[in-house]
Number of protein chains: 2
Amino acid sequence: MARSTTAGLVVIGNEILSGKVEDTNSPFLAKQLRAVGVSLERILVIPDEIEVIAAAVREYSATYDLVFTSGGVGPTHDDLTIAGVARALGREVIRHPELEKALRAFFSDRVTEAQLRLADVVDGTELLHDGNLRFPTFLVNNIYVLPGIPEIFRDKVVAIRDRFTTDPFHLRIVYVREQETAIAASLYETLAAFPNLLLGSYPKLNNPEYKVRLTLESKDVDYLESALRKLLEVLPPNAVVRQE
Amino acid sequence: MARSTTAGLVVIGNEILSGKVEDTNSPFLAKQLRAVGVSLERILVIPDEIEVIAAAVREYSATYDLVFTSGGVGPTHDDLTIAGVARALGREVIRHPELEKALRAFFSDRVTEAQLRLADVVDGTELLHDGNLRFPTFLVNNIYVLPGIPEIFRDKVVAIRDRFTTDPFHLRIVYVREQETAIAASLYETLAAFPNLLLGSYPKLNNPEYKVRLTLESKDVDYLESALRKLLEVLPPNAVVRQE
């Protein structure tokens, strides 16, 4: 089986750590990456601090094929992601001529320094015009710098998603009426025979239909089907409620 | 101002990274910790892998006053948090006599090895009976090991929360009708005068009432009120929609 493309997500936001805002960008990106076959390996939420951003981005950029940042892009004091990514890479922050020109055209002679800050990028940034959004997406090395505002984050992820398409994960779901303790041995037995199976076991409380949801995944559909047959064979009799 | 108690949260769950399940435990814990004055410094979501869990827990346990783990506790193959925490601390996993006794009493002579796995803890674990829940909460060193099932996670957090109570954060919110670019300079000016203010600026798209929500926080209520007065003084005339 081919190695999956890997990704790490760095979420920059005091508002999430302090419980003021719920992070809806992470689950959105997680689903989108899974849909195109990318394996998201880490989600890290950190405060708005340049050194912390730099350390996280440096590590993730060296470790994963793709890095995404969410938040900290904008004109105010707490928008430190561009500076943090620059420090991670040992580069300068520059005012991008194409963006500056566009901002000056848009705001005409009333343009302010705060507005022009939106043209600041890490030196070497490529502007991605995928999806023809109002503002391009920033790519520097393997780092996609995305804004935290959920509507814009989502538009940008959808716009660039096809860049990452690789072999998809195939998924089968089995719902069982037994407790996890009653099926744990069956899961171990299945994994002993199919060690590359991605097997998840998720108990659900107070559900009238089932007690555990089992997810089986692989990029190799034949392997997946064989593993599924094995699991169904070793589960206790009559344990399965239904399959998806 | 007194130093805040700090915390780190490690979420163990392939299901979250693969976008199958939304992590509702992190925002819940973030809010609860904030309410008792604890500063949550990191949220890290990692896969169900012992070495990865061990590395994350080791780092966070050394760095923050409190560490919380969510998920990976249970009887199945993907429940590796206890083993991971044990490895982080260089300790053994032991079967806790008090828990084993309770499980044997509950399941009587039909008890299975999978059920008894629920009695496995890191050597040195303290069982917390706060809140008189059905099952105690595990504390080892500064690490609170919490299950991933949201209902149980929440019950346990609420049960132990008062242990962490410290000086609260005081919060003021100012809604403004200007774009961030129009108020950025005012925010810098406020912070220059009140460098210890926790000041957040959160633009909201397509809201008929306001464009940016500003949050001001401090543990020192007088400092907070002075900083708020300064901000209101330096914001552009007529920028404020309302305050909370």
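The values are calculated or read from the model by the stated rules, or taken from the named source; none is laboratory data. Treat the numbers as computed from the prediction; the structure is a model and nothing was measured. Cβ atoms come from the backbone with ideal geometry, glycine included; neighbour counts cover every protein chain shown. Surface areas here come from the heavy atoms of the whole protein model, side chains and all, with no ligands, DNA or RNA. Shrake-Rupley method; radii C 1.70, N 1.55, O 1.52, S 1.80 Å.
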Reported to two decimal places, what Rg/Rh ratio describes the range A:101-244 when computed on Cα atoms with Rh from the Kirkwood expression?
1.25
Mind listing the phi-derived Karplus ³J(HN,Hα) values for the range B:172-187, rounded to whole Hz, using 6.51, -1.76 and 1.60 with θ = phi - 60°, and x for any glycine or proline?
10, 10, 10, 9, 10, 9, 9, 5, 4, 4, 7, 10, 3, 5, 5, 5
List the relative contact order of the range A:170-243 as a percent without decimals, with contacts defined as Cα pairs under 8 Å and 6+ residues apart.
47 percent
Segments A:33-40, B:126-133 sorted - mean Cβ within 10 Å per residue, highest first:
A:33-40, B:126-133
Would you work out the relative contact order for chain B, in percent, from Cα pairs under 8 angstrom that are 6 or more residues apart?
18 percent
From the Cα gyration tensor of the range B:170-243, with a ≥ b ≥ c the square roots of its eigenvalues, which class applies: rounded if a/c is under 1.5, or else prolate if a/b is larger than b/c, or else oblate?
prolate
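Using helices alone, I'd like the mean residue ellipticity at 222 nm for chain A: each DSSP H run of four-plus residues gives -39500 (n - 2.57), total over residue count, nearest 500. Write down the numbers at each step before the final one.
Working: 9 runs with 92 residues, N = 244.
Helix-only estimate at 222 nm: -11000 deg cm²/dmol.
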All-pairs alpha carbon distance profile, the range B:133-178, 5 Å steps from 0, percent:
5, 15, 21, 17, 11, 10, 8, 7, 5, 2, 0
Ignoring solvent entirely, what values of log10 I(q)/I(0) come out of the Debye formula for the range B:93-151 at 0.29 Å⁻¹ when each Cα is a single scatterer?
-1.32
Between B:Thr165 and A:Glu92, with labels modelled 7 Å along Cα→Cβ, what's the label distance in nm to one decimal, could you check?
5.5 nm
Descending Cα extents along the principal axes, the range A:1-140, whole Å
55, 34, 29
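Semi-axes of the protein assembly as shown's equivalent ellipsoid from the Cα gyration tensor, sqrt of 5 times each eigenvalue, largest first, rounded to whole Å? Can you show the working numbers first?
Details: eigenvalues 369, 163, 66 Å².
The equivalent ellipsoid of the protein assembly as shown has semi-axes of 43, 29, 18 Å.
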For the range B:133-169, which residues drop by 30 square angstrom or more in accessible area between the chain on its own and all protein chains together (1.4 Å probe)?
B:Ile149, B:Glu151
Here the FRET efficiency for B:Ser108 versus A:Arg104, based on Cβ atoms and R0 = 56 Å and rounded to 0.05, is 0.10
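When you look at the Cβ of every residue in A:20-32, what mean number of other chain Cβ atoms sits within 10 Å?
Details: counts 11, 6, 8, 6, 2, 0, 8, 7, 2, 1, 10, 4, 1.
Mean partner-chain Cβ count within 10 Å for A:20-32: 5.
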Calculate the dipole size of the range A:6-164 relative to its Cα centre from +1 charges on Lys and Arg beta carbons and -1 charges on Asp and Glu beta carbons; express the result in debye to the nearest 20.
360 debye
Cα atoms only, chain A: Rg and Dmax in Å?
22.3, 76
Going residue by residue through the range A:111-121, the Karplus relation 6.51 cos²θ - 1.76 cosθ + 1.60 with θ = phi - 60° gives ³J(HN,Hα) values, rounded to whole Hz and with x marking Gly or Pro, of 4, 10, 4, 4, 5, 5, 4, 5, 8, 7, 9
On a straight-distance basis, which lysines could pair with B:Lys31 in a cross-link, Cα separation under 21 angstrom, same-chain partners fewer than 8 positions away excluded?
A:Lys20, B:Lys156, B:Lys204, B:Lys219
Across B:71-79, the residue-averaged tally of Cβ atoms belonging to other chains within 10 Å stands at 6
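What does the buried accessible surface come to for B and A, summed over both chains, with the probe at 1.4 Å? Round to 100 Å². Write down the numbers at each step before the final one.
Working: alone 12970 and 12990 Å², together 21670 Å².
Interface between B and A: roughly 4300 Å².
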Note: A:35-44 gets an average of partner chain Cβ contacts (10 Å, Cβ to Cβ) equal to 4
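Please report, in debye to the nearest 20, how large the charge dipole of the protein assembly as shown is about its Cα centre when each Lys and Arg carries +1 at its beta carbon and each Asp and Glu carries -1 there.
Value, rounded to 20: 660 debye.
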Order of A:178-186, A:72-80 by packing, highest average Cβ count within 10 Å first?
A:72-80, A:178-186
A:Ala35 versus A:Asn206: modelled label distance in nm, points set 7 Å from Cα along the beta carbon direction:
3.1 nm
Under Karplus coefficients 6.51, -1.76 and 1.60, residue-wise ³J(HN,Hα) of the range A:88-97 in Hz, glycine/proline x
4, 9, x, 10, 8, 8, 10, 8, 6, x
At the level of C-alpha centres, the distance separating the range B:9-63 and the range A:192-244, in angstrom, is 26 Å
